[in-house]
1. In whole Å, what is the distance between the alpha-carbon centres of the range B:121-189 and the range B:13-54?
2. Nearest 10 degrees is fine. How inclined is helix B:2-11 to the longest principal axis of chain B, computing both from alpha carbons?
3. Computed over the Cα atoms of the protein assembly as shown, what is the ratio Rg over Rh, Rh following Kirkwood?
4. Enter the angle in degrees (range 0 to 90, nearest 10) between the Cα long axis of helix A:131-143 and the first principal axis of the Cα atoms of chain A, meaning the one along which they spread out most.
5. Sorted by average packing, counted as other Cβ atoms within 10 angstrom per residue and highest first, what order do A:164-175, B:6-17 take?
6. How far is helix A:32-46 tilted off the main Cα axis of chain A, in degrees rounded to 10, range 0 to 90?
7. List the trypsin sites (Lys or Arg not before Pro) within the range A:43-124 that DSSP assigns to loop and that have no more than 15 neighbouring Cβ atoms inside 10 Å.
8. Under 13 Å from the Cβ of A:N129, count the other residues' Cβ atoms, weight Lys and Arg +1, Asp and Glu -1, and hand me the total.
There are 2 protein chains.
Amino acid sequence: MELLEQKIRAEGKIREGDVLKVDGFLNHRMDVDFLCKLGQEFYRLYADCGVNKILTIEASGIGIACLTAQYFHCPVLFAKKSRTLNLSNKLWTSRVHSYTHNTDHDVVVSKSYLTENDRVLIIDDFLANGSALSALIELCQKAGAEVVGAGIVIEKAYQSGGKAIRARGIRVESLARVASMNAADGSITFC
Amino acid sequence: MELLEQKIRAEGKIREGDVLKVDGFLNHRMDVDFLCKLGQEFYRLYADCGVNKILTIEASGIGIACLTAQYFHCPVLFAKKSRTLNLSNKLWTSRVHSYTHNTDHDVVVSKSYLTENDRVLIIDDFLANGSALSALIELCQKAGAEVVGAGIVIEKAYQSGGKAIRARGIRVESLARVASMNAADGSITFC
């Protein structure tokens, strides 16, 4: 999506350690008028897929998920991060590994709100190694829900997550796909 | 707001320990079409106040804040919870006490995104003892930003937070104000 690539070039900051900082419009300060345009694009891509639920993960996925859901006229369910083991039989649970912090945590959703009647679009702000997205897909599979696909704002296409998940036959649409970036000179290229 | 009171009566569940469970439409599964109506009501209340930023706190405030902000055509800034002491001179920080968990944590926003040029509407899902709202107000005060007011979805009016904050001269608009609720018989009354 050309508009998003322009925005990333104009406002994104590349930092050492493979960090693309977009907290000025995406995941701290949120440029809501702009995010609505991304939501409309997700709707264009998935409009005819019978989506009846959007699933995301707290915290930075929630805003873009809600702004997207209004075009689908469907609810959003956000998975909650949990540091403690959840043994409740009322929750679907899966495990996320954070490569940044080298820690594991669970993500949970209530079984009441994710069922075999759901056709789910998963929305998230970033896709890199795919651990969060894989965990959300697993929640859907445990619930017997159909994963229609994923809508990602920014994919680090040089990392393995997107490729691995597409190889499983899951549709992944990323609005910007970063091919490479360089903290030394601030350059970024898109696929 | 009559529509919201009806929704709470129909879908809310009252649990022991002063819990009003509205995770079916507000803070886990989010009924986005319904939340848009709440956003429109916040806009009606604050439309002529020159709001140029909406401030909320992760995670459950983000959805309603984003859906509200699109009517104001302004960005959302969400304060991040931090368990660790933040000594960065790039952050505004304030302390929140959780009465539920009897713990303290910091909330932080980047100084870049909250400044003396901001006229801030604070949005949150719940107001009870007021600790989160007070912390958000403090962030604005540290930044020299003007707090136009607060927009709360559900206020537990029998707790002290709303009264104390209004007594400081800060406008607080709550779309539903719970006067009392009873877990034993499931009854709820509104102000």
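1. Comparing the Cα centres of the range B:121-189 and the range B:13-54, I get a distance of 12 Å.
2. Roughly 70 degrees, rounded to the nearest 10.
3. My calculation puts Rg/Rh at 0.95.
4. Roughly 20 degrees, rounded to the nearest 10.
5. Descending mean neighbour count gives A:164-175, B:6-17.
6. Once rounded, the angle reads 60 degrees.
7. A:R83, A:K90
8. Net charge in that neighbourhood comes out at -1.
Each value in this text was obtained by applying a stated rule to the coordinates, not by laboratory testing. Since the structure is predicted, the reported quantities are computational estimates derived from the model, not experimental observations. Cβ: placed from backbone, ideal geometry, glycine included. Neighbour counts: every protein chain shown.
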